[in-house]
Each structure stands twice: as structure tokens, then as C-alpha cells.
Amino acid sequence: MAAITAGIVVFPGSNCDHDTEHAVASFDGVRPVMLWHNEHDLRGADLIILPGGFSYGDYLRAGAIARFSPIMHEVIEFARKGHPVLGICNGFQVLLESGLLEGALSRNRDKKFICSSTTIRVENAATVFTNRYQANDVLSIPIAHGDGNYFAPSEVIERLEENNQVVFRYCDSEGSVTAESNPNGSAGNIAGIVNREGNVLGLMPHPERASDPLLGSSDGRMLFESVFDSLAGRQ
């Protein structure tokens with residue numbers, strides 16, 4: 001079986017690119033490649049990851065400038081062909097700005113940057129990114145963002161819920177979805193969504209920071225395992 005190549009896009013201001021590279025490289029048969037934002041070559045990637053950070057310093061609006069980086073033309077086409085694309089934190093913001101996912105992210109409810117551990121519940125375990133989980137699994141995954149308040153028109157939220165596109169939801173340690181367990185004010189406690197086709201996932205929590213017991217949690221590791229297993233099955 002050929003090695004899986006995971007392309008990690010690096011924008012000016014990305015600061016979780018090497019964290020993501022480290023997490024990806026820990027899997028046998030997976031080769032990470034760093035893709036500079038000004039390139040047009042995805043270098044044979046089977047998966048594209050848009051990592052966290054502050055692309056272009058989050059000037060104008062988080063992810064709004066990165067969306068126009070040259071490499072995003074290729075990423076959008078890659079996604080439209082059905083290949084997997086994962087956006088983490090700022091990467092989620094870029095996916096929303098580029099139109100690959102619906103909705104938007106605004107300032108956290110308390111208007112403060114949040115860097116803390118949080119718990120999320122798996123709502124959809126049938127995607128290429130979550131097939132190693134079980135529905136209702138509760139994961140300990142850290143967050144670090146100032147603009148993580150997900151919102152969308154009511155009809156979009158209804159459609160996401162109806163189509164099972166809400167993949168992760170903020171919850172308490174027992175798995176209950178409550179106002180108190182919502183760190184940023186996101187509509188419906190939404191922490192991550194997938195597109196209708198199921199090949200583009202965006203989430204605010206950082207699975208790469210929960211991919212090794214030394215980090216305090218390895219609950220994010222199965223997200224990477226899920227997509228790599230899915231890709232290995234295709235090959």
C-alpha cells in the first residue's frame with residue numbers, strides 16, 4: 001500500500017502547523033508535507049489540513065485574507081472532487097470564509113480569548129473523520145481561540161441538524177449539552193461541522209493537541225486515525 005500524504009497548508013501567522021505535522025508523522029505510513037500558502041502545487045496530497053493559528057494576523061476578519069491565498073484555489077478544487085479536507089480552529093475559519101462550509105464565526109460570547117481544556121461530544125460517528133469513534137463519545141480536546149462563536153441563519157442551522165452535519169458539540173464531562181458547557185456562545189453548542197458531502201470538516205478544538213498521552217489527552221488521535229483508515233481503504 002502506498003504511503004498516505006497529508007498536506008498541511010502554512011499561512012503567514014499559522015502557529016499550529018508543526019504541531020499538526022508532528023501528530024500526522026506519528027502514524028505509520030503517513031507522510032506530512034508542508035504547503036506554503038503562495039504555492040499552487042498540492043504535491044500529491046491525499047488529505048489537506050488547514051491548521052490553527054492567526055493567518056495574516058487575523059486582520060480584517062479571521063480567515064478572510066487566507067481565503068484568497070493562491071493555494072486555496074487548489075484546496076477548493078480538491079474538496080469539490082470529494083477529497084478530504086480538515087480545518088482546525090483558524091483552518092475552520094478559512095473553510096467558512098471560502099464557502100466550503102456554511103456559517104460564520106464571531107467573537108467569543110465574553111469577548112475574551114479562551115485557551116483551556118474542553119469537552120465535546122461526538123454527534124456523527126459516520127464520517128471519514130469520525131469512524132473510529134462511537135456516537136455520544138465524550139472527548140477531552142483543548143481550545144484556543146478568540147473568534148469561535150459559530151452562528152448561521154436559523155434555516156442553515158436547521159439544515160445542518162437535519163442532515164446530521166453537526167459532528168461535534170460542546171458538552172460537560174458527562175456528555176450533557178448545557179449553556180454552562182458552551183465556552184464561546186456557539187449556536188447549539190456547535191464545535192464542528194461537516195459539509196453535505198461529508199468530505200470537509202471544520203472544528204474549533206485542536207485534536208493535534210490531544211494526540212498523545214503526554215499532552216494530557218489522546219482523544220483527538222482517533223480523528224486522524226479515522227481519516228487515514230478511510231484513505232487506506234480507498235487505496
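Coordinate-derived values only; no laboratory data. Note that the structure is predicted; figures quoted are calculated from it, not measured. We place every Cβ from the backbone using ideal geometry, glycine too, and count neighbours over all the protein chains shown.
Of the residues HIS37, HIS73, HIS206, the one that moves most in a GNM of the chain with alpha-carbon contacts below 10 Å is HIS73. Contact order for the chain, expressed relative to its length and based on alpha carbon pairs under 8 Å spaced 6+ residues apart, stands at 20 percent. Rounded to the nearest 20, the Cβ-based charge dipole of region 1-66 about its Cα centre (Lys and Arg +1, Asp and Glu -1) stands at 120 debye.
Among ASP17, ASP28, ASP137, the largest mean-square fluctuation in a Gaussian network model of the chain, built with springs joining Cα atoms closer than 10 Å, belongs to ASP28.
Along the chain, the longest continuous region that contains none of the chymotrypsin sites (Phe, Trp or Tyr not before Pro) in a DSSP loop with at most 15 other C-beta atoms within 10 Å is 114-235. Only beta bridges with both residues in the chain are counted; by DSSP, about 55 percent of them are antiparallel.
Considering only LEU215, LEU139, LEU160, and ranking their Cα positions along the charge dipole of the chain that arises from unit charges at the beta-carbon of Lys, Arg, Asp and Glu, the one farthest toward the positive end is LEU160. From its DSSP helices (H runs of at least four residues, each -39,500 (n - 2.57)), the chain gives a residue-normalised ellipticity at 222 nm of -6000 deg cm²/dmol.
Computed over the Cα atoms of region 120-235, the ratio of the radius of gyration to the Kirkwood radius (Rg/Rh) comes to 0.96. The trypsin sites (Lys or Arg not before Pro) of region 57-156 that meet both conditions, a loop assignment by DSSP and at most 12 other Cβ atoms within 10 Å of the site Cβ, are LYS81, LYS111, LYS112.
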